[in-house]
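The values are calculated or read from the model by the stated rules, or taken from the named source; none is laboratory data. The model shown is predicted, which means the values in this text are computed figures rather than measured ones. Virtual Cβ from ideal backbone geometry, glycine too; neighbours counted across all protein chains shown.
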């Protein structure tokens with residue numbers, strides 16, 4: 001089933017709340033998504049919200065993680081991190097759980113296919129992204145990323161060949177694409193700038209996928225400044 005275009009508008013970014021900021025009126029019936037504008041995990045849920053057209057239903061609460069308010073841990077998320085979703089009187093965390101939760105518990109176009117083969121492959125890819133892909137690429141920054149990440153990026157390239165009914169991992173746009181794009185976005189910028197390694201060379205499916213993702217305002221308005229990404233990732237070298 002094709003993804004229907006949701007209602008969508010570009011939002012102005014609010015000033016992030018920090019240690020000097022008062023908390024919102026918690027558990028007052030408002031659904032809130034606590035994020036950081038620079039966190040790839042939070043970005044996953046932000047994109048999901050946008051693609052489902054939930055800008056009115058889910059209020060963004062940006063947090064300054066470099067000077068985070070004490071109430072984030074005390075009143076919102078004991079783990080003291082984002083993303084966190086305040087909904088129906090409870091807080092839910094962990095980005096991969098949250099993108100599924102938002103897709104299942106709110107109106108808007110479904111972002112996960114009903115086809116059993118696609119769902120099974122999707123689950124494999126969702127497990128691979130954090131357990132293997134992200135760890136492999138981050139770990140390569142201290143060594144030779146060209147050699148050390150080849151198998152990880154090739155895995156992504158081959159996964160994009162699995163279904164031929166669209167340019168995305170499961171053919172049509174899904175939660176799998178949302179799970180991968182925040183990290184591939186950052187890795188592409190950093191590896192090119194610092195190591196002169198262009199990850200799309202020799203990977204036409206990956207190149208086409210990135211091109212398609214960059215056509216979606218629901219995603220592009222969540223992107224992080226490239227200079228920030230480069231400077232931040234240098235800490236892992």
Starting from residues that are out of contact with any helix residue (DSSP H, G or I) (no Cβ under 6 Å at 6 or more places or on another chain) and over 20 Å from residue 178 (Cβ atoms), keep the ones in the range 118-143 and report whichever is surrounded by the most Cβ atoms within 10 Å (Cβ to Cβ). 139
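So, residue 38, is that one outside the structural domain of residue 214 (by TED's automatic domain parsing), without any contact (Cβ under 8 Å) to a residue 12 or more places away in the chain, surrounded by fewer than 21 Cβ atoms within 10 Å (Cβ to Cβ) and in contact with a helix residue (DSSP H, G or I) (Cβ under 9 Å, 6 or more places away or on another chain) or not? Before the answer, list the steps.
Working: outside the structural domain of residue 214 (by TED's automatic domain parsing): yes; without any contact (Cβ under 8 Å) to a residue 12 or more places away in the chain: no; surrounded by fewer than 21 Cβ atoms within 10 Å (Cβ to Cβ): yes; in contact with a helix residue (DSSP H, G or I) (Cβ under 9 Å, 6 or more places away or on another chain): yes.
Spelling it out, it is not the case that residue 38 is outside the structural domain of residue 214 (by TED's automatic domain parsing), without any contact (Cβ under 8 Å) to a residue 12 or more places away in the chain, surrounded by fewer than 21 Cβ atoms within 10 Å (Cβ to Cβ) and in contact with a helix residue (DSSP H, G or I) (Cβ under 9 Å, 6 or more places away or on another chain).
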Would you check which residues across the range 139-162 are assigned to a loop (DSSP other than H, G, I, E, B) and under 15 Å from residue 204 (Cα atoms) and list them? 160, 161, 162
Which residue pairs have Cβ atoms closer than 7 Å, lie 6 or more positions apart in sequence or on different chains, and pair a first residue in the range 201-229 that is assigned to a helix (DSSP H, G or I) with a second residue that is surrounded by fewer than 14 Cβ atoms within 10 Å (Cβ to Cβ)? 205/161; 217/10; 220/214
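Based on this model, can you work out whether residue 170 counts as in contact with a helix residue (DSSP H, G or I) (Cβ under 8 Å, 6 or more places away or on another chain) and not assigned by TED's automatic domain parsing to the domain that holds residue 190? Let's see the steps before the verdict.
Working: in contact with a helix residue (DSSP H, G or I) (Cβ under 8 Å, 6 or more places away or on another chain): yes; not assigned by TED's automatic domain parsing to the domain that holds residue 190: no.
It is false that residue 170 is in contact with a helix residue (DSSP H, G or I) (Cβ under 8 Å, 6 or more places away or on another chain) and not assigned by TED's automatic domain parsing to the domain that holds residue 190.
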